[in-house]
């Protein structure tokens with residue numbers, strides 16, 4: 001019995017020795033394989049450099065289109081030579097131009113490649129505001145309203161008829177949208193649109209992109225307009241009234257993007273072979289440059305005019 005027991009012990013020892021050898025070979029093989037696989041590798045990369053577009057810069061000018069007349073007290077409104085005050089029958093000569101400034105910017109990438117960037121093209125709108133105080137300094141009286149009615153009707157008509165033949169656009173009044181709680185017509189805006197359009201709804205007019213190059217582009221608005229104070233309706237009771245004329249130009253980048261909030265709304269363009277509504281892939285793509293599409297973007301960009309018009313001057 002003792003001899004048989006010893007034989008089993010020797011067999012076990014042989015088994016474990018052989019197993020240990022297999023394990024050792026397996027481990028060596030694994031280590032060798034892992035080390036070898038590390039050399040079978042691949043890597044690649046790519047990059048690009050993008051530049052923000054140039055700024056949109058706008059300034060107010062007189063008829064020259066060169067001299068800047070922005071800010072308070074600089075609107076060029078001429079009376080007959082030698083006459084400082086206003087009198088019934090007198091002409092007022094307005095000079096108002098919006099100048100979208102051009103500029104060239106040079107960007108040099110890491111690889112030395114040079115990219116030329118220009119100032120960004122813009123869409124334009126204008127607003128006319130007329131404030132009339134009566135001799136006692138009050139706005140809301142019949143006396144001040146008489147003067148206002150007489151002047152505003154002429155200004156509105158001239159803004160729509162005196163167009164700048166040097167440019168490919170015309171000014172259209174946006175009379176289909178209320179911007180404020182006031183019922184005064186001057187609370188609406190004039191938009192600079194492409195020539196040759198005719199719509200019953202002013203919101204459908206397509207805006208004209210202005211500028212976007214190295215050179216300044218000057219657009220006349222009420223430029224060389226002549227306003228005549230009434231020689232019959234204004235009498236002694238209107239003497240000592242005070243008139244303040246304000247013209248505001250707004251310039252906004254000529255790119256109006258679809259946003260997440262637009263998803264599911266009607267697509268504002270050619271729907272041939274595409275979804276009739278805005279989908280996720282449309283977000284960030286451009287909308288047509290119409291008055292209707294631009295209103296909210298202008299409102300957001302120049303929101304102070306809805307809180308207090310005087311803030312923007």
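Listed by position, the strands (runs of 3 or more DSSP E) enclosed by segment 51-131 that each have at least 2 residues that are touching a residue at least 24 places away in the same chain (Cβ under 8 Å) and over 26 Å from residue 235 (Cα atoms) are 58-61, 97-100, 104-108, 114-118.
Looking at the structure I just gave you, is residue 278 at pLDDT 90 or above and in the same structural domain as residue 154 (by TED's automatic domain parsing)? Taking the combined requirement at face value, the residue does not satisfy it. Quick one: which residue in 65, 73, 89 is surrounded by 14 or more Cβ atoms within 10 Å (Cβ to Cβ) and on the phi > 0 side of the Ramachandran plot? That would be 65, the only listed residue that is surrounded by 14 or more Cβ atoms within 10 Å (Cβ to Cβ) and on the phi > 0 side of the Ramachandran plot.
Note on segment 196-255: enclosed strands (runs of 3 or more DSSP E) holding 3 or more residues that are under 22 Å from residue 122 (Cα atoms) are 217-220, 242-253. When 153, 144 are checked against the criterion of being assigned to a helix (DSSP H, G or I) and surrounded by fewer than 17 Cβ atoms within 10 Å (Cβ to Cβ), a single residue qualifies: 153.
The values are calculated or read from the model by the stated rules, or taken from the named source; none is laboratory data. Model, not experiment: these values are computed from the prediction. Note that we place each Cβ from the backbone using ideal geometry, even for glycine, and neighbour counts take in every protein chain shown.
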